[in-house]
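Below: one structure in structure tokens.
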Amino acid sequence: MRNRVSAGEYLAFLSVKYEVDPDVLFNALISAGENRKSKCGNLSVERRGETQDKVVFLILKDSKVVAQFPIFKEFLLERDNPVRRFMKTDMIRRHLVKKNRTTHSLPIRDLRTGMSQINLKAKVLEIPASKLVFTRFGNYASVANALIADETGTIKLCLWNEQIGSISIGDTIQLENARASTYRGERQLNIGKKGTLNNIKNMVTQQPEALCNS
């Protein structure tokens, strides 16, 4: 976290960037402060230590470190969620403007084999039982081809290991940097190392337009 950014502003930024409702994020911090660990959306929060007036938190996404920073205990004791006060700062506006410029969601009907850097919002229709396969890397992994859909069609989504349990039938998901391929004559999407899969049931309730125009 940059030195000139307050904890509240940075938490608001994380809320928007990782599409976690600010109330959910703030409650996760309180829970982690009391129980050492908690989950919020696609993020994990851990209490790493504390001083007389501060608590140090570590935030991770899929075991990757997002940030580690101290927060004043007074901040955590505020009755009204203080993170919401920072949802309209210049830092948030700049991030949303940049995201709107770079993120272009494609409809399923327009996907073609070989496409990459695909951003897509869809609903999960089916998740079959996973299968254990031996990979080219010499290890075993669980794989399942979920069926997802938008208003234009359906497509299979290849899920591996912990990705399988991260979503459920009926969830709305956001894919970023996915790629399209064909397997046994069927189109499918692969997330890969550079892609992300987010369950957006805990998305920020404020719309980007409302933040940018306020």
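The values are calculated or read from the model by the stated rules, or taken from the named source; none is laboratory data. Worth saying up front: this structure is predicted, and the values here are computed from it rather than measured. Here the Cβ positions follow ideal geometry from the backbone for every residue, glycine too, while neighbour counts run over all protein chains shown.
Say we look at segment 22-46 and pick out the residues that are hydrophobic (A, V, I, L, M, F, W, C) and not in a helix (DSSP H, G or I); which of these is modelled with the highest pLDDT?
Here is the first cut: in segment 22-46, the residues hydrophobic (A, V, I, L, M, F, W, C) are 24-26, 28-30, 32, 40, 43, 45.
In the following step, the residues that additionally are not in a helix (DSSP H, G or I) were identified as 40, 43, 45.
Details: C40: 88, L43: 90, V45: 94.
The residue in question is V45.
What are the residues in segment 9-20 that are surrounded by 21 or more Cβ atoms within 10 Å (Cβ to Cβ) and either among the charged types (D, E, K, R) or assigned to a loop (DSSP other than H, G, I, E, B) (or both), if any?
Within segment 9-20, just V20 meets the criteria.
Given R109, R94, R136, which one is over 30 Å from G185 (Cα atoms) and either exposed (fewer than 10 other Cβ atoms within 10 Å of the Cβ) or of a type in the set (K, R) (or both)? Full working, then the answer.
Numbers: R109 fails: over 30 Å from G185 (Cα atoms); R136 fails: over 30 Å from G185 (Cα atoms).
R94 is the lone residue from the list that is over 30 Å from G185 (Cα atoms) and either exposed (fewer than 10 other Cβ atoms within 10 Å of the Cβ) or of a type in the set (K, R) (or both).
Now, a different point. With in contact with a Lys or Arg (Cβ under 9 Å, 6 or more places away or on another chain), modelled with pLDDT of 90 or more and under 21 Å from T196 (Cβ atoms) as the only criterion, which of G114, G153, G170 stands out? Can you show your working first?
Numbers: G114 fails: modelled with pLDDT of 90 or more; G153 fails: under 21 Å from T196 (Cβ atoms).
Result of the check over G114, G153, G170: G170.
Where in segment 108-150 are the strands (runs of 3 or more DSSP E), entirely inside, with at least 2 residues that are among the small types (G, A, S)? Steps first, answer last, please.
Numbers: elements: 118-126, 131-134, 140-150.
Counting at least 2 such residues, we get 140-150.
Can you tell me which residue in segment 44-72 is farthest from Y10 (Cα to Cα), limited to those that are among the charged types (D, E, K, R) and in contact (Cβ under 8 Å) with a residue 40 or more places away in the chain?
Here is the first cut: in segment 44-72, the ones among the charged types (D, E, K, R) are 46-48, 50, 53-54, 61-62, 64.
Remaining after also requiring in contact (Cβ under 8 Å) with a residue 40 or more places away in the chain: 61-62.
On the way: K61: 16, D62: 20 Å.
The extreme case among them is D62.
A further question on this structure: Kindly evaluate F26 against the criterion of being within 30 Å of S168 (Cα to Cα), in contact with a Pro (Cβ under 8 Å, 6 or more places away or on another chain) and surrounded by 15 or more Cβ atoms within 10 Å (Cβ to Cβ).
Yes: the conditions hold for F26.
Select from segment 47-68 the residues that are among the small types (G, A, S), within 24 Å of Q174 (Cβ to Cβ) and assigned to a strand (DSSP E or B) and list them in ascending order. Lay out the reasoning, then the answer.
Going through segment 47-68, the residues among the small types (G, A, S) turn out to be 49, 63, 67.
Among the residues that remain, those that are also within 24 Å of Q174 (Cβ to Cβ) are: 63, 67.
Once the filter is applied, which keeps residues that are among the small types (G, A, S), within 24 Å of Q174 (Cβ to Cβ) and assigned to a strand (DSSP E or B), segment 47-68 yields only A67.
Of the residues that make up segment 33-43, is at least one within 12 Å of M87 (Cβ to Cβ) and either surrounded by 17 or more Cβ atoms within 10 Å (Cβ to Cβ) or in contact (Cβ under 8 Å) with a residue 60 or more places away in the chain (or both)? It would help to see each step written out before you state the result.
Taking segment 33-43 and keeping what is within 12 Å of M87 (Cβ to Cβ), we get none.
No: zero hits.
I want to confirm something. Restricting to segment 112-133 and keeping residues that are touching a helix residue (DSSP H, G or I) at 6+ places or on another chain (Cβ under 8 Å) and under 18 Å from A180 (Cβ atoms), which single residue is surrounded by the fewest Cβ atoms within 10 Å (Cβ to Cβ)?
Initial filter on segment 112-133 (touching a helix residue (DSSP H, G or I) at 6+ places or on another chain (Cβ under 8 Å)): 120-122, 127, 130.
Filter once more, keeping what is under 18 Å from A180 (Cβ atoms): 120-122.
Numbers: L120: 21, K121: 16, A122: 25.
Looking at the filtered set, the residue picked out is K121.
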